[in-house]
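S.K.: The structure under discussion is supplied below as structure tokens; questions concerning it will follow.
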Amino acid sequence: MNDSPIGVYDSGLGGLTVWREIRRLLPAESLVYLGDGKNCPYGSRPGEEIRVLADEAVGRLVHDEGCKLVVVACNTATAAAIDSLRAKYAGVPIVGMEPAVKPACLATRSRVVGVLATERSLDGELFRHTAARYGEGIEVLTVPGRGFVELVESDRESTPEAETCVRAAVEPMLERGADQIVLGCTHYPFLLPVLKRVVAGHGVTIVDPSPAVARRVEQLLDDNGLRASQMHRPTFEFRTFADEAYRRRLERKALESL
């Protein structure tokens, strides 16, 4: 048993979609969420810069917050830094994100799968390897979700502007026959109501990997004997490299997402 918290890190608000699934699946566990905020978005930053930012964030969760397990709930940071983070913090289980290409490729009927992600994630070795392994005989369409992160970070995900932005990215996938659309950034599930309107009537399944990440966290807690004790009263903390106003936004957005 271990009552220390689980850490969840993202460039900003997006990782709250993963935080939500972990809290639902593991309600007895304490959570510390670190949303960078100061340097968001990460999507087009150089890989080395992202590795430095990710190391600072994970170091804070491990050393300052005493987290027993860390989820890098950012596809871009995972693509750029997951190997170096696991090497440096070898004593702490670290869970990363990757676009859920495997389940989408296994489920497609049209043999066309769309992937929405940041430019850096689509450039990553992890994505290329997964797409090559499971995408044989399947057309995998990749489209950067340009502007998606900025919409979520500014609380504009329910605006007409958001619908215009989503349509520009998704409609070409629909025209090519995609019946699975993978959300390859943890900010993107905040746009699900808009996405569902855009794909309505096309027989499309939208694939969000967040529930699978929560199940992986549960598995690692059990494998490593890290579950919180039965008498533990969980706490939920929010941290950022930005200002107090941003920290309060994280807290509010988290509560709204439940």
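The values are calculated or read from the model by the stated rules, or taken from the named source; none is laboratory data. Computed from a prediction, not measured in an experiment: that's the story for all the values here. No Cβ is skipped: glycine too gets one built from the backbone with ideal geometry, and neighbour counts run over all protein chains shown. Only protein heavy atoms, including side chains, enter the accessible area calculation; ligands, DNA and RNA are left aside. Shrake-Rupley method; radii C 1.70, N 1.55, O 1.52, S 1.80 Å.
S.K.: Over the chain, average the accessible area per residue using a 1.4 Å probe and give it in Å², no decimals. Numbers along the way, then the final one.
M.R.: Working: 11250 Å² over 258 residues.
About 44 Å² of surface per residue is accessible.
S.K.: If R0 is 30 Å, what FRET efficiency do you get for VAL52 and ARG109 from their C-beta distance, rounded to 0.05?
M.R.: Values: r = 43 Å, r/R0 = 1.43.
About 0.10, to the nearest 0.05.
S.K.: Is the C-alpha gyration tensor of region 2-64 telling us rounded, prolate or oblate? Criteria: a/c under 1.5 is rounded; beyond that, a/b larger than b/c is prolate, otherwise oblate. Each step should come with its number before you reach the end.
M.R.: Details: a/c = 3.13, a/b = 1.66, b/c = 1.89.
Oblate, because a/c is 1.5 or more while a/b does not exceed b/c.
S.K.: Once you place label points 7 Å from the Cα toward the Cβ at GLU171 and ASP64, how far apart are they in nm?
M.R.: Between GLU171 and ASP64, the simple spin-label model gives 4.5 nm.
S.K.: Still on this structure, please answer the following. Could you order LEU26, LEU106 by accessible surface area, starting with the largest, using a probe radius of 1.4 Å? Provide the component values of the computation, followed by the final result.
M.R.: Working: LEU26 5, LEU106 130 Å².
So, going from the largest accessible area down, we get LEU106, LEU26.
S.K.: Another question, if that's okay. Taking R0 as 22 Å, what's the FRET efficiency between LEU25 and GLU251 from their Cβ-Cβ distance, rounded to 0.05? Numbers along the way, then the final one.
M.R.: Working: r = 20 Å, r/R0 = 0.93.
FRET efficiency, LEU25 to GLU251: 0.60.
S.K.: For the chain, what does -39500 (n - 2.57) per DSSP helix run (n ≥ 4), summed and divided by total residues, give at 222 nm, in deg cm²/dmol to the nearest 500?
M.R.: On the way: 11 runs with 117 residues, N = 258.
Rounded to the nearest 500, the figure is -13500 deg cm²/dmol.
S.K.: With each pseudo-label sitting 7 Å past Cα toward Cβ, what's the SER158-ARG146 distance in nm, one decimal?
M.R.: Rounded to a tenth, the inter-label distance reads 2.8 nm.
S.K.: Rounded to the nearest 10 Å², what accessible area does TYR246 have for a 1.4 Å probe in the complete protein model?
M.R.: Approximately 20 Å² of TYR246 is accessible to the 1.4 Å probe.
S.K.: By accessible area of protein heavy atoms, probe 1.4 Å, what ranking do GLU119, GLU256, GLU157 get, highest first?
M.R.: The ordering from most to least exposed comes out as GLU256, GLU119, GLU157.
S.K.: Once you have the Cα-Cα distance between ASP223 and THR235, take 0.36 nm times their residue separation minus that, and quote the gain in nm to one decimal.
M.R.: Values: separation 12, 0.36 × 12 = 4.32 nm, distance 2.29 nm.
Once the chain is fully extended between ASP223 and THR235, it gains 2.0 nm.
S.K.: Share of the chain's accessible area from carbon and sulfur, percent, 1.4 Å? Don't jump to the answer; show the numbers that get you there.
M.R.: Details: 5510 of 11250 Å².
Using a 1.4 Å probe with all protein chains present, the chain comes out at 49 percent carbon and sulfur.
S.K.: Could you rank ARG249, ARG24, ARG109, ARG233 by how accessible they are, 1.4 Å probe, largest area first?
M.R.: Sorted by accessible area, descending: ARG233, ARG109, ARG24, ARG249.
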